[in-house]
């Protein structure tokens, strides 16, 4: 080996070693701070959760969850980059470090939590699988659907839930499988199936695509639990805490009545819980590696959980979803965040 | 009866000339063809009328919101409001002018190639500019550069038609030279070079493009060390280029095989070396023969770029798909897909026309 070659080889080895160790030692939070932005994995287009709007901005509840993380870390919800990921590549993208956090209507299951090297940080939307049925059939419950043809999207847990449900109830069905959710509604509109099944959060949006939306009804009974939430890599507890507490701070803010509109007034509030949340007393941010006003920045930049819900999926949006389960625990729902103290 | 006079030249029967003659000759030459004409004509007209009715007569063109789509026909308003997204993807609005400049230069390079009034020399200069300086210039303009005061715009926000064209252009510009080298290598006398080229071509040609893209986006990151990632667009570009150059190589090899052995021997007899002989005698003839094959591959490359949607890049088709699900609009899937199909058709048809022009112009020695 000539000297020149030796030098080159040594150089490459050194760089490779530096890259490898440099990555291994830096925590996600440090990497994010150094980069100056959070990289967030979102869907490839799902109304209300993550979808490009007319000005080519990402909008949706999953997108706002990401912006809240950026606000917590940088005090600026715009310091964020989005990566559109499809269902197949989402976990790889997170595992390989291509994204810092995955906020892509991902259902929290034991397998995903335990065997993929990932951690679910919480639930930003409690969803469930439901049915849309042609109104003329007069069906009231999924139990009456024996022998029905069902339009369904391929490659999701929806397909497995459907099979489980029909088997458990001793019923038969024909599945009409499509590649995208858009195609399922086209199939339903063309009378190729009697029933369409999907997550309940999407059924209303799909129904609005029918020529006559009142020709289809949504059944109230749900057949599965689909808790959706942000996911991070396993093994970085600091970043796990940041993402987890960002969502908790939004829920706590709603419970305490702190909104993006009144957050500045609330800073002078006498309520010790509000003071702790907004960092006017104590320094709770430093425990998770953030500034004292981290939660103030979240509420100021993105709003509390209720605002985020109303803006993206609530009754005044085209999706028009009721709060239901996604209401606070003291308001008929199941959202409950541990206190900040 | 003969009275010594020459019969006057009569005009042809009125049924065999003019419009009637043309119709009779081309549409109703026999009773069977006549029946076919009537049946096909019925199908064409009966499907065209509702389509024109829907797409033009009853359609809404002007407006800004879903409320402006009041009639029963197509809602082109939707395309209008999303046009920016379809063209630029997530590219920041304040920087759109940079992409526009590149589109303008692209047009200035491409359009003159279609006119015979432009001299061959100018076309040549534009062509060379298009494959050398232009890609570098486009990269600096679209990606940005601190030295020129253009803010960096990461590839993750590139999208729409711009992304489709970038993928196709890089694929085309890179696949042809690589394909030529591979084709020459496969016919080389040197066993190692030949073996390498054969393995390369057969490997890339034996795998579907979608598999390559999927491997590059899902499997590759798992083999890289933690936290080391490289650009997703770059991965797609490399995948598309290598895949298409393998196809290109085989097309060009077909041309090389069609050149008579005498031409090779003549090149050698003139004392030309390998590269001179190839460059001056063999390749110009071989490439001319395979223009239809090359254009075929290029058109399929252009359309194959839509496969990048499996790795989450927002090309034109993906941008359309991501917006037609917007619940604020009624069912606009048909409008979206027709728009995408139309744009693809315009580009593919232009490529096809250009290749036909090129064939006519170069059709010098082999007229039969």
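Only the coordinates and a few stated rules stand behind these numbers; no lab work does. Because the structure is predicted, anything quoted here is derived from the model rather than measured. Please note: Cβ atoms are built from the backbone with ideal geometry, for glycine as well, and neighbour counts cover all protein chains shown.
For the reader, a short list of remarks on this structure follows.
- Cα shape, chain B, gyration tensor, a/c 1.5 rule: oblate
- Antiparallel %, DSSP beta bridges [both residues in segment A:129-224], to 5: 50 percent
- Here r is the Cβ-Cβ distance between residue A:283 and residue B:275 and R0 is 60 Å; the resulting FRET efficiency, rounded to 0.05, is 0.25.
- Using a simple spin-label model with pseudo-atoms 7 Å out from Cα toward Cβ, residue A:273 and residue A:191 lie 5.6 nm apart.
- Beta bridge orientation in the protein assembly as shown: antiparallel %, DSSP, nearest 5: 55 percent
- Efficiency of FRET from Cβ geometry, residue B:361 and residue B:203, R₀ 41 Å, rounded to 0.05: 0.65
- Within the listed set B:279, B:34, B:336, the residue fluctuating most in the Gaussian network model of chain B (springs between alpha-carbon atoms under 10 angstrom) is B:34.
- In range of the label at residue B:37: residues from segment B:6-25 whose backbone nitrogen is under 11 Å from the point 7 Å along Cα→Cβ: B:20-25
- Full extension of the segment from residue B:219 to residue B:133, taken as 0.36 nm per residue of separation minus the current Cα-Cα distance, would add 27.5 nm.
- Highest mobility in the GNM of chain B, judged by mean-square fluctuation with C-alpha springs under 10 Å and restricted to B:116, B:156, B:350, is found for B:116.
- Per-residue ellipticity at 222 nm computed for the protein assembly as shown from its helices equals -16000 deg cm²/dmol, with DSSP H segments shorter than 4 residues left out and the rest contributing -39,500 (n - 2.57).
- Within chain A, percent of DSSP bridges classed antiparallel, to nearest 5: 55 percent
- Simple label model, 7 Å out from Cα along Cβ direction - residue A:341 to residue A:157, nm: 3.4 nm
- In this rough spin-label picture, where each label sits 7 Å from Cα along the Cβ direction, the residue B:238-residue B:190 distance is 2.4 nm.
- Fluctuation leader among A:57, A:86, A:326 - chain A, Gaussian network, Cα springs under 10 angstrom: A:57
- Segment A:35-79 versus segment A:227-306: alpha-carbon centroid distance in Å: 17 Å
- Residue B:181-residue B:116 FRET efficiency (beta carbon distance; Förster radius 30 Å; 0.05 resolution): 0.40
- When peptides B:284-294, A:62-72 are ranked by their average number of other Cβ atoms within 10 Å per residue, the highest-first order is A:62-72, B:284-294.
- For the pair segment A:119-169 and segment B:1-44, the centres of their Cα atoms are 65 angstrom apart.
- Rounded, prolate or oblate (a/c below 1.5 giving rounded, otherwise prolate when a/b exceeds b/c) for the protein assembly as shown by Cα gyration tensor: oblate
- Rounded to the nearest whole angstrom, the semi-axes of the ellipsoid equivalent to segment B:161-312, taken from the Cα gyration tensor as √(5λ), stand at 34, 17, 12, largest first.
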